[in-house]
Ligand code: NAD
Ligand code: UDP
């Protein structure tokens, strides 16, 4: 079975490619290297001992998609390609709407033209906005997004629903990720944001290596056990495994399905800092600053639907996430 993976050199996509190759799938990757590096190709080959096809192209390019679907019989697509920086999306909404929506529209168009009807889509817990109840189930209301990035995910979910209505063969697994962190245990692939990181985990690791002086914790007066924000952090390898389970279900189903991919456990910012220090025996200096505009107090999943219907649940714990995130950054820097 041959799977097209868009954005397959990025943080989550590269881990999914490893899982696919390890499980006997053939893989074709398209990535324009907007937020990734060509050396990930070799890292994936080194980890798996397997080869795959790579196209350094843009998913928005209909001609390139036509070429890929002509050169390969694609059975299913995992669509990771997209821009994901919340702050940047506020400054550059056109760029975000254009890339995230057009890539998805063009991809679906070419899939249907080439009789490929199985799509796994990277959505996000951000579609729930500030959820009224916790833990968040798939039944919770969606649409209260607070930035263009989140709105692209919500809009794409609507578009995909309409496509499945118009074409009953078209099957979509909408996977709503919570907070992916960690890295492959080899330390060869992981998250490498350019510039100063916006997200918590990449920031913590850079403070730990001394590249950044101090972590700023955005508020300690939230209605949470220690006052700092609570999130559902999930190991990226568990997340990647969830994609394979969703793929199996997509192959044998029709329609559109929604799944939360999270652990179901919320950790605060201070929980993360303390766990990181304990597991890695390093200090993470921090200071408490103002709340970050747009942040919510708590967000964690009820992942039971994915367990019931896909037979998937997260297996790695917070200590694995802390150890593997740090291991990856140390390997990158060759300490
Ligand atoms: P990433 O930026 O590491 O990976 C995305 C990859 O897609 C990059 O390699 C980039 O070069 C590529 N890409 C972007 N636009 C492209 C285009 N038009 N054509 C070809 N390649 C393109 O991001 P990630 O963390 O791996 O996220 C993967 C997906 O999951 C994204 O859609 C993201 O929005 C979604 N998601 C991520 C998170 C998270 O916290 N990381 C949470 C929820 C959802
Ligand atoms: N956070 C923080 N300092 C940082 C980055 C993030 O205190 O430098 C907090 C943030 O306020 C939130 C949590 O860490 O409570 C997770 O933030 P992240 O940006 O990683 O994920 P998201 O907010 O998108 O869930």
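Classified by the C-alpha gyration tensor, the stretch 89-138 has an oblate form. Its axis ratio a/c, with a ≥ b ≥ c, is 1.5 or above, and a/b does not exceed b/c.
Taking 0.36 nm per residue of sequence separation and removing the Cα-Cα distance, the residue 226/residue 211 pair yields an extension gain of 2.7 nm.
The convex hull defined by the C-alpha atoms of the stretch 37-86 has an orientation-averaged projected area of 4.8 nm². Within the stretch 59-148, all pairs of alpha-carbon atoms sorted by distance into 10 Å bins from zero give the percentages 15, 37, 30, 16, 2. The spread of Cα positions in the stretch 247-335, taken along each principal axis and listed from longest to shortest, comes to 50, 35, 19 Å. Among 214, 111, 173, determine the one that fluctuates most according to a GNM of the chain built with springs between C-alpha atoms less than 10 Å apart. The residue with the greatest mean-square fluctuation here is 214. By the beta-carbon count within 10 Å of each Cβ, the least crowded to most crowded order of 252, 123, fewest first, is 252, 123. Of all DSSP bridge pairs formed entirely within the chain, close to 5 percent run antiparallel.
Hull volume per residue, based on the alpha-carbon atoms of the chain and their convex hull, is 123 Å³. Within the stretch 91-223, the proportion of Cα pairs with more than 19 Å between them is 64 percent.
With respect to the chain, whose longest principal axis is taken over its alpha-carbon atoms, helix 148-166 is tilted by about 30°. Each of 226, 238 was scored by other Cβ atoms within 10 Å of its Cβ. Arranged with the fewest first, they read 226, 238.
Its Cα gyration tensor gives the stretch 8-116 an equivalent ellipsoid. The semi-axes, each the square root of 5 times an eigenvalue, are 23, 19, 11 Å from largest down.
Estimated translational diffusion coefficient (Stokes-Einstein, Kirkwood radius over Cα pairs, 25 °C, 0.890 mPa s) of the stretch 153-308: 139 µm² per second.
Each of 15, 184, 72 was scored by other Cβ atoms within 10 Å of its Cβ. Arranged with the fewest first, they read 72, 184, 15.
For the stretch 1-31, backbone nitrogen atoms closer than 15 Å to the point 7 Å from residue 194 Cα along Cα-to-C-beta are found at 10-11.
Available extension along the chain between residue 92 and residue 115 is 4.8 nm, counting 0.36 nm per residue and deducting the alpha carbon span. Calculate, in whole percent, how much of the Cα-Cα pair population of the stretch 186-226 lies beyond 17 Å. Across the stretch 186-226, Cα pairs with separations above 17 Å total 44 percent.
Please label the shape of the stretch 262-304 as rounded, prolate or oblate, based on the square roots a ≥ b ≥ c of the eigenvalues of the alpha-carbon gyration tensor (a/c under 1.5 means rounded; beyond that, a/b larger than b/c means prolate, else oblate). Oblate is the answer for the stretch 262-304, as a/c is 1.5 or above yet b/c matches or exceeds a/b. Stokes-Einstein diffusion for the stretch 1-61 at 4 °C, viscosity 1.567 mPa s, with a Kirkwood radius from C-alpha pairs, works out to 115 µm²/s.
The slack in the chain from residue 278 to residue 146, taken as 0.36 nm per residue of separation less the alpha-carbon distance, amounts to 44.0 nm. Each helix, a run of at least 4 DSSP H residues, gives -39500 (n - 2.57); summed and divided by the residues of the chain, these come to -12000 deg cm²/dmol at 222 nm.
Since every read-out is calculated from the coordinates, none of them should be taken as a lab result. Since this is a predicted model, take the numbers as computed values, not measurements. Don't worry about glycine lacking a Cβ; one is built from the backbone with ideal geometry, like all the others, and counts go over all protein chains shown.
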